[in-house]
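Taking it in order: structure first as structure tokens, then the write-up.
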Amino acid sequence: MSVAQAIQDVGSWRWLIRTWLGLALIGPASTSFAEDLVKVSPAQAQTLGVRVVHPASSRTDQTLAYPAQIVIPTPQLWVVSAPVAGMVNGLSVARGDRVDSSQALVTLESPSFVSLQRDYLHAFAQDVLAAQQLKRNADLFEGKAIPQRVLETSQTEARQASIVLAERRQMLRLSGLSDMAISRLTSETAIMATISVTAPQQATVVEIVVSPGQRVEQAAPLVKLARLSTLWAEIAIPASSIRAIKPGARVEIEGYASPGRVVLVSETTDAATQTVLVRAEVPNSGELRPGQTAASRVSFLSAGESAWEFPYSALVRRGDKASVFVAIEGGFRLEPVTLLAEDQDHVVVSGAITEQDEVAVSGITALRGILLRLGAE
């Protein structure tokens, strides 16, 4: 019988509402709201369009696969800057090169560097002169040839000369000269017009900021370096699934053998995507590369508890609580579960469910209607 014929024969709006709820053909259904039970026969369940499936064990108790962005940890990324103003004379490395500590990166031609060397040599000469004058006045003072005031003046001048010399030596160190190079400059008085900027430690070149012939100011960035032995995997987890993820949880990157660990679960939610940033630290043997995107799975906090995967349609929400309809003899029981992960097609939950259970994945609206007594007269 068609819907139009049914409306014409019955002529009752109440019957039409009950038909929409899937209750007209099954007759009165017994409910137990306090116990969250829905009593329906197999024939009634079929009429309501209820379909059931067995729970599928979620892969090693992990979340669904979420995209992860591989990035360089900020503590392992630094910039090598120009120690003095000058012109880039040449580059000794290229992007992607691995460099050792003290390896040359960039060569600069710098008048400022020439001035620093000149000032240092002048300060060195003044320090030697002041030391000699102090020794001479000390000898004269012992012979009572000069007053103590002259000796004290020489001591002050010698101290000031030493301070200036220490300052000039430190300026050369900041410009990149080693102690050995400074000693050579002192002994040979050979002022250099070029300076080689070196790597502070073993690292990988991730970016070259300058090019040959370019003029740069002091402290201008030249090369970006990074240690890639450990990387970060930044994962955007739906806010509704974040409760099951805690710092220290195991993270697996698909196609990569070494697992990582969650080091951060952000306390804020992205307003546009309604996701929460989860950051994992992953040891890198060279297979992972900054900038790549990979699928990742995060282990749940309760490792001893089984996790089950269902179609999204099986989920029943009551405020912030989640449940599923589990088939029992003579009907269905609304079983509370803990929502661990979800996407538009599937959900992963944990709870008192076994793989022998049957969970309703369609006809959920009708079952909820019965449970809430919407079909009662």
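The values are calculated or read from the model by the stated rules, or taken from the named source; none is laboratory data. Please read all numbers here as calculations on a predicted model, not as lab measurements. When we count neighbours, we look across all protein chains shown, and the Cβ atoms used for this are built from the backbone with ideal geometry, even at glycine. The protein model used for the area step is the full one, side chains on, heavy atoms only, and it has no ligands, DNA or RNA in it. Shrake-Rupley method; radii C 1.70, N 1.55, O 1.52, S 1.80 Å.
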Problem set entry | Glu142, Glu254, ranked by accessible area, largest first (probe 1.4 Å) | Glu142, Glu254
For this session: Using Cα positions and a limit of under 19 Å, work out the lysines in reach of Lys144, with same-chain residues fewer than 8 apart set aside.
Result: Lys135
For this session: Enter the Cα centre distance for the pair region 110-172 and region 215-275, rounded to the nearest angstrom.
Result: 55
Problem set entry | Using alpha-carbon coordinates, inclination of helix 179-188 to the longest axis of the chain, degrees | 20
Problem set entry | Placed amide H near Glu342: partners under 5 Å, 5+ positions off or other chain | Val348
Seminar exercise, completed: Expected vector for region 249-259, Karplus 3J(HN,Hα) from phi with 6.51, -1.76, 1.60 and θ = phi - 60°, integer Hz, x for Gly and Pro, equals 5, 6, 10, 10, 9, 4, x, 10, 6, 7, x
Problem set entry | Set of aspartates and glutamates with alpha-carbon distance to Lys246 below 19 Å, sequence-local pairs under 8 removed | Asp61, Glu234, Glu267, Asp270, Glu281, Glu305, Glu342
Problem set entry | Contour excess over end-to-end distance, with Cα ends at Asp343 and Ser211 and 0.36 nm allotted per residue | 42.8 nm
Problem set entry | Å² of accessible area per residue within region 143-242, as computed with a 1.4 Å probe and no ligands counted | 56
Problem set entry | Apportionment of accessible area to carbon and sulfur, region 103-146, percent (1.4 Å) | 59
For this session: Would you calculate a helix-derived [θ] at 222 nm for the chain, using -39,500 (n - 2.57) for each DSSP H run of n ≥ 4 and dividing by the full residue count, to the nearest 500?
Result: -8500 deg cm²/dmol
For this session: Could you work out how far helix 148-174 tilts from the main Cα principal axis of the chain, as a 0 to 90 degree angle to the nearest 10?
Result: 40
For this session: Grab the beta carbon distance between Ala257 and Ala65, set R0 = 22 Å, and tell me the FRET efficiency rounded to 0.05.
Result: 0.85
Problem set entry | Structure-derived mean projected area of the Cα convex hull in nm² - corresponding label in [x] 33.9; [y] 36.8; [z] 18.6 | [x]
For this session: Working from Cα positions, state the angle (0 to 90°, nearest 10) between the long axis of helix 111-142 and the longest principal axis of the chain.
Result: 50
Problem set entry | Prolate/oblate/rounded label for region 172-226 (Cα gyration tensor, a/c 1.5) | oblate
Problem set entry | Loop-located trypsin sites (Lys or Arg not before Pro) in region 109-160 whose Cβ has at most 14 other Cβ within 10 Å (DSSP) | Lys144
